[in-house]
Amino acid sequence: MSKPSGVGPSTNGSVDPFAWWRAAGAYAVDAAQRAVLYADIERQVGDQYRTQREARMPNVLHFPAELVMSGLELPRPVNYGLVRIQASEDRPADPAKRPFVVIDPRAGHGPGIGGFKPHSEIGAALEAGHPCYFVGFLPDPVPGQTVEDVMRAEAAFMRRVAELHPESEGKPAVIGNCQAGWQILMTAAVWPELFGPIIVAGAPLSYWAGDNPMRYSGGLLGGSWMTALASDLGNGRFDGAHLVQNFEQLDPANTLWSKQYKVYANADTEAERYIDFEKYWGGYVFLNDVEMQYIVDNLFIGNRLSTAQLLTSDGVRIDLRNIRSPILVFCSYGDNITPPAQALGWITDLYASDDDVRAHDQTIIFSTHDSIGHLGIFVSGAVGSKQHRKFASAIEQINLLPAGIYRASVDDATKQEQKLLHDPYLLSIRASGIDEVRDIVKPDPESDRRFDAAARVSDINLALYRSMWQPWVRALSTSQSAHWLQTLHPMRLQFEAWSSQHPLACLIRSSAQYIREHRQPVDEANPWLHMQQQCSAALDRALDDFRDRRDHIYALWFDMLYGSPLMQALAGHAYGESAPVRQHPGSTPEHLALMAARQQQIKSSVDQGGVLEATLRGLLSVLSQRRAVDERYYHLAAQLLEQQAPGRWSLAELRAAIREQTLVMRQCGSAAIEAIPGLLKNTPADTIRKAGEAITQMAAIDKEPGAQDDAVRHALQQVQALFEQAVLAQQPRIQEPLELVPAPVQTPAAPQRAAAAARRKPAAPRGKKGVR
């Protein structure tokens, strides 16, 4: 690392004719030393690659783990496994808390990125005191393994985790990264009863959305026949190095220059970070041909997941609307692999309106980052210590949200908020809607029409390849030919070519050790160092400009080719046709009948309930006037519940009650509020007062002057008046003195009058929900 060394032009006002020569000499020494140090760092990367390649279960997990369940032992075996992350002795896991399961993507690299650093997804769950599990995989798939087999294995893992934690607060919370995100949502759509809250980070779910240049690749290459060819040349296996190479081609400046230059320019400090990252980046894995073909045909090119067009082998439709757990989507505008449009496009693909979302009882929360890249979503220490830590610590708050679409943000907390939360960050959640998601996704029916044509051409080309060329390719491919193709892949050669086995490695290693002991870094003010930095920046800009022009040309070619009348006709679209090619999946008659019965049930429940239902209605009436609520509300509510009614309601009961009363409030409006005194008629006055005070305390959080605070104050006054009305109704009536008079003779009307008097007496408390 460069530091002041006293070498450079004179600064005392006199002209030193030899200053530039001395600066050049000092820079030459520093540059030569950095070159040797960089070569030695790359040697260590090569050695690390060879060690990882020979390991049976290579991974990059930072945390110790023990095997719990192997997918190889399942009826339909897979190369996945479930391990338990061992918590540290100074921060043991709380068995009563909801377990977390982190699932890593199998998209070319090996497992472990979700627990790559202390500040990571696994680290965040452990810090919050949750038991934590990790789902990883072996480099080689089981022959014949399919995507559906992996889904069944993930379901088995969820059952096992739930069995290990019968005393936990709820079903396992799951984090799915990238490819694991869409796969775990597919699993949850088929087995929704197994899952708690689901967090998907950087997971592409709607592949035609946005402006990501990678989405044009399938069409410009003629479709998925290239995938079949690569798998056949691999003797039935698809090499994950192809996927990593595609990722690197998205950013040629970083691939060809910036990544290496950063290590060279900071050779004294970048070694550990760079070597650790290359351990993950160079850990290539394989997929079966049937797995990769399914992914490309149905997701990358076909885009069938987000419109519920996929079926399992036994005929079950994979419909993401079946998921009953809250889904938190975390994405970034700096992600060039899964931009927000592709992470959120499934929402606009599935739902036409907010009422449609609520009708399917689905809770969706999304959070966007302004700049972090794709891998940074999983591996960045800053994101791990901020977003992932807040998501883990507030998972129960997220689980309580009623059906609808919400937007979450993590911001710096004020000093007062930090004192309450004991945390430098504050998680806020506000109501959103399909319109806000649509503004991000920007659905384009004309673009969908072109991608539909590309999908049709892909099917045609794949059928031609399978009929004409595939038999010959498979006949000529052997395990040995596949091995050499994999060994000579450019992504592997960069690691294989330079390691300690190279004849010059010993010289570089000894020279690097000497240089570290006699390092002569150049002055930061050295003009030659500034020239180096400017040249690097210029090369970066040139490669970025090349990338932008290349991507623009790809988009033009794609639109021109698949937007032509000929290609549109091949796809079955007439010229000038305006009907969307991807309709929203309709509701079944059974679902419509269920919703009609549900609405009738909600209307009939407006006068049913007790103190819990009345308190929730009052609280929802007041907080609906807020723009957003944050975790302070949850912490205060939990504190009040612990003080006033410890153990009275479980989290599952609270979640069910919140969702129920939200529907009642939304459908019945003011009638639901006016029914509050009736709900409290069998509740002691003291309990009613405490509930009213709790609502007042909740409303006092985050006071803001202006129209919003006025609306909150008005709603609070209305609720307080209704609770006071209920209290007054519980006051004992003043009874008149009794007179000792002879009992009247019973007449035929006497029984009726006695029954009426009985009805006027206060009713005894009944065992309704929420009344103890």
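Laid out as a table, the results:
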{"read-out": "Matching residues in segment 152-180 - criterion: being open to solvent by less than 30 Å² (accessible area, probe 1.4 Å), among the hydrophobic types (A, V, I, L, M, F, W, C) and assigned to a helix (DSSP H, G or I)", "value": "Ala153, Ala155, Ala156, Phe157, Met158, Val161, Ala180"}
{"read-out": "Unmet criterion (only one of (1) on the phi < 0 side of the Ramachandran plot; (2) modelled with pLDDT of 80 or more) for Thr588", "value": "(2)"}
{"read-out": "Residue check for Lys690: closer than 30 Å to Leu420 by Cα, at pLDDT 85 or above and open to solvent by 80 Å² or more (accessible area, probe 1.4 Å)", "value": "yes"}
{"read-out": "Condition met for Ala463 (without any contact (Cβ under 8 Å) to a residue 12 or more places away in the chain, more than 18 Å from Ala265 (Cα to Cα) and of a type in the set (Gly, Ala, Ser))", "value": "yes"}
{"read-out": "Count of segment 488-510 residues which are open to solvent by 40 Å² or more (accessible area, probe 1.4 Å), in contact with a helix residue (DSSP H, G or I) (Cβ under 8 Å, 6 or more places away or on another chain) and among the hydroxyl-bearing types (Ser, Thr, Tyr)", "value": "1"}
{"read-out": "Filtered residue count, segment 470-500, keeping only those that are in a loop (DSSP other than H, G, I, E, B) and in contact (Cβ under 8 Å) with a residue 12 or more places away in the chain", "value": "7"}
{"read-out": "Segment 233-269, residues that are farther than 30 Å from Asp30 by Cβ, outside any loop (DSSP other than H, G, I, E, B) and open to solvent by 20 Å² or more (accessible area, probe 1.4 Å)", "value": "Leu233, Arg237, His242, Leu243, Gln245, Asn246, Phe247, Gln249"}
{"read-out": "Number of the condition not met by Ala657 [criteria: (1) open to solvent by 30 Å² or more (accessible area, probe 1.4 Å); (2) at pLDDT 85 or above; (3) under 13 Å from Val611 (Cα atoms)]", "value": "(1)"}
{"read-out": "Index of the failed condition, Asp523 passing every other in (1) out of contact with any Pro (no Cβ under 6 Å at 6 or more places or on another chain); (2) within 30 Å of Trp20 (Cβ to Cβ); (3) open to solvent by 20 Å² or more (accessible area, probe 1.4 Å)", "value": "(1)"}
{"read-out": "Residue count for segment 347-401, restricted to those that are within 30 Å of Ala593 (Cα to Cα), in a helix (DSSP H, G or I) and open to solvent by 20 Å² or more (accessible area, probe 1.4 Å)", "value": "6"}
{"read-out": "Test: residue in segment 672-682 that is open to solvent by 50 Å² or more (accessible area, probe 1.4 Å) and polar (S, T, N, Q)", "value": "no"}
{"read-out": "Search result, residues across segment 93-111 that are at positive phi and exposed (fewer than 14 other Cβ atoms within 10 Å of the Cβ)", "value": "none"}
{"read-out": "Pairs with Cβ under 9 Å, 6+ apart, first in segment 615-643 and hydroxyl-bearing (Ser, Thr, Tyr), second at pLDDT below 75 and not in a helix (DSSP H, G or I)", "value": "Thr615/Gly770; Tyr633/Asp702"}
{"read-out": "Verdict on Arg456 being in a helix (DSSP H, G or I), open to solvent by less than 30 Å² (accessible area, probe 1.4 Å) and not assigned by the TED database to the domain that holds Gly345", "value": "no"}
{"read-out": "Unmet criterion (only one of (1) of a type outside the set (S, T, N, Q); (2) closer than 24 Å to Met665 by Cα; (3) out of contact with any Pro (no Cβ under 6 Å at 6 or more places or on another chain)) for Val410", "value": "(2)"}
{"read-out": "Number of positions in segment 402-421 that are in contact (Cβ under 8 Å) with a residue 24 or more places away in the chain and assigned to a strand (DSSP E or B)", "value": "7"}
{"read-out": "Count of residues meeting criterion [in a loop (DSSP other than H, G, I, E, B), over 15 Å from Asp356 (Cβ atoms) and touching an Asp or Glu at 6+ places or on another chain (Cβ under 9 Å)] in segment 555-590", "value": "7"}
{"read-out": "From Asp140, Asp90, Asp149, residue being open to solvent by 10 Å² or more (accessible area, probe 1.4 Å), out of contact with any strand residue (DSSP E or B) (no Cβ under 6 Å at 6 or more places or on another chain) and not in a helix (DSSP H, G or I)", "value": "Asp90"}
{"read-out": "Single residue of segment 181-232 satisfying the filter (hydrophobic (A, V, I, L, M, F, W, C), open to solvent by 30 Å² or more (accessible area, probe 1.4 Å) and not in a helix (DSSP H, G or I)) that is nearest to Ser325 (Cα to Cα)", "value": "Trp191"}
{"read-out": "Pick from segment 112-122, criterion out of contact with any Leu (no Cβ under 7 Å at 6 or more places or on another chain) and open to solvent by less than 10 Å² (accessible area, probe 1.4 Å), ranking: farthest from Lys390 (Cα to Cα)", "value": "Ile113"}
{"read-out": "Among residues of segment 422-449, those that are part of a helix (DSSP H, G or I) and open to solvent by less than 50 Å² (accessible area, probe 1.4 Å), counted", "value": "8"}
{"read-out": "Residue satisfying all of: in segment 591-624; in a helix (DSSP H, G or I), open to solvent by 50 Å² or more (accessible area, probe 1.4 Å) and polar (S, T, N, Q); modelled with the lowest pLDDT among these", "value": "Gln599"}
{"read-out": "Residue that is at negative phi, crowded, with 20+ Cβ neighbours inside 10 Å and not acidic (Asp, Glu), where the choices are Ile275, Ile301", "value": "Ile301"}
{"read-out": "Qualifying residue in segment 629-645 (condition: in contact with a Lys or Arg (Cβ under 6 Å, 6 or more places away or on another chain) and either exposed (fewer than 14 other Cβ atoms within 10 Å of the Cβ) or part of a helix (DSSP H, G or I) (or both))", "value": "yes"}
{"read-out": "Index of the failed condition, Ala107 passing every other in (1) part of a loop (DSSP other than H, G, I, E, B); (2) within 17 Å of Met57 (Cβ to Cβ); (3) within 24 Å of the chain's Cα centre (by Cα)", "value": "(2)"}
{"read-out": "Check on Ser325, open to solvent by less than 20 Å² (accessible area, probe 1.4 Å), of a type in the set (Gly, Ala, Ser) and part of a loop (DSSP other than H, G, I, E, B)", "value": "yes"}
{"read-out": "Tabulated pairs, segment 560-576, first on the phi < 0 side of the Ramachandran plot and aromatic (Phe, Trp, Tyr), second part of a helix (DSSP H, G or I) and open to solvent by 70 Å² or more (accessible area, probe 1.4 Å), C-beta under 6 angstrom, 6+ apart or interchain", "value": "Tyr575/Pro565"}
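Quick grid of which residues meet (1) open to solvent by 30 Å² or more (accessible area, probe 1.4 Å); (2) among the hydrophobic types (A, V, I, L, M, F, W, C); (3) out of contact with any Gly (no Cβ under 8 Å at 6 or more places or on another chain):
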position	(1), (2), (3)
Arg34	no, no, yes
Ile41	no, yes, yes
Gly46	no, no, yes
Tyr49	no, no, no
Leu61	yes, yes, no
Pro64	yes, no, yes
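The values are calculated or read from the model by the stated rules, or taken from the named source; none is laboratory data. All values reported here derive from a predicted model rather than from experimental measurement. Positions of Cβ are backbone-derived with ideal geometry, glycine not excepted, and every protein chain shown enters the neighbour counts. SASA here: full protein model, heavy atoms, side chains in, ligands and nucleic acids out. Shrake-Rupley method; radii C 1.70, N 1.55, O 1.52, S 1.80 Å.
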